[in-house]
Every structure is written in structure tokens, then in C-alpha cells.
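Asker: Below you'll find the structure I mean.
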Amino acid sequence: MAPASIESLASRGTTFLLCNNALTFLAGQVAAARGLEAETVYNDMRANILPSVTLVPAMVVAIDQAQQAGISYHKQ
């Protein structure tokens, strides 16, 4: 589905956010499953975030700030 790819959507102005809390949790899960250090996995994941993705401290805060600015949020 090329029209729905991150690259395609980003070129049309879509903003992508990644929750740091979720990234930290996921890194811990991957690290535990693979016998690795969580911090190492987290740092690797963070270093490889796509350029069109913005890391935010907590998604719930980002959504609240967007809604206060008049931007609606639709979870699909």
C-alpha cells in the first residue's frame, strides 16, 4: 500500500509521533527476550527512528497539547 507508506504520508504533511514511554517499554521487552541490556536496545532503537518521526516524552501529553491547540485526534 504505497500511498499509505510513512514516506508517502510524510510527503503530504502527516506528522508522526512516537511515545518515549512506549519505546522504553518495547526496548525492555526486546532486551529481555534476547538477553540484552535494555539501555543498549533503547539507544539503538532511538538512533534508528525515521527522520519523519518525532519522539515525544509521553503520547498522552502530546495528544492533550494538540487538542488544546485545536487539533483533533482520531484513533483508528
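The values are calculated or read from the model by the stated rules, or taken from the named source; none is laboratory data. Fair warning: this is a prediction, and the values are worked out from it, not measured in the lab. As a convention, Cβ positions derive from the backbone with ideal geometry for all residues, glycine included, and neighbour counts pool all protein chains shown. Side chains included, ligands, DNA and RNA excluded: accessible areas come from the protein's heavy atoms. Shrake-Rupley method; radii C 1.70, N 1.55, O 1.52, S 1.80 Å.
Asker: With a 1.4 Å probe and all protein chains in place, put D64, D44 in order of accessible area, largest first.
Answerer: Solvent-accessible surface, decreasing: D44, D64.
Asker: Now, a different point. For the Cα atoms of the chain, what angle does the longest principal axis make with the long axis of helix 59-68, in degrees from 0 to 90, nearest 10?
Answerer: Tilt of helix 59-68: around 20 degrees.
Asker: As a test of reading the structure, rank F25, F16 by solvent-accessible area (1.4 Å probe, protein chains only), most first.
Answerer: F25, F16
Asker: Find the accessible area per residue for the chain; the probe is 1.4 Å, ligands and nucleic acids are left out, and the unit is Å².
Answerer: 77 Å²
Asker: Quote the charge dipole size of the chain about the Cα centre in Debye, to the nearest 20; the model charges only the Cβ of Lys and Arg (+1) and of Asp and Glu (-1).
Answerer: Numbers: 4 positive and 5 negative charges, 41 e Å.
My answer is approximately 200 debye.
Asker: Given only helices, namely DSSP H runs of n ≥ 4 each adding -39500 (n - 2.57), what is the per-residue ellipticity at 222 nm of the chain, to the nearest 500 deg cm²/dmol? Don't jump to the answer; show the numbers that get you there.
Answerer: Details: 4 runs with 41 residues, N = 76.
Calculated at 222 nm, the ellipticity per residue is -16000 deg cm²/dmol.
Asker: Using only the alpha-carbon atoms, what does segment 3-68 span along each of its principal axes? Please give whole angstrom values in decreasing order.
Answerer: Largest to smallest, the principal-axis extents are 40, 29, 16 Å.
Asker: For the Cα atoms of the chain, what angle does the longest principal axis make with the long axis of helix 38-47, in degrees from 0 to 90, nearest 10?
Answerer: With rounding to tens, the tilt is 40 degrees.
Asker: Need one number: nm distance between label points at S8 and I63, each 7 Å from Cα along Cα→Cβ, rounded to one decimal.
Answerer: Simple spin-label model gives 2.6 nm for this pair.
Asker: Positive end of the charge dipole of the chain (Lys, Arg +1 and Asp, Glu -1 on Cβ, about the Cα centre): tell me which of V30, A62, I6 has its Cα farthest that way.
Answerer: I6
Asker: Here's something else I'd like to know. Along the Cα→Cβ direction, 7 angstrom out, place labels at T24 and A47. What is the inter-label distance in nm?
Answerer: Here the modelled spin labels are 2.1 nm apart.
Asker: Follow-up question, since we're still on this one. Using a 1.4 Å probe and ignoring any ligands, DNA or RNA, find the accessible area of M59 and quote it in Å² to the nearest 10.
Answerer: Probe radius 1.4 Å; accessible area of M59 about 50 Å².
Asker: Ignoring ligands, DNA and RNA, what percent of the 1.4 Å accessible area of the chain is carbon and sulfur?
Answerer: In the chain, the share of accessible area belonging to carbon and sulfur is 58 percent.
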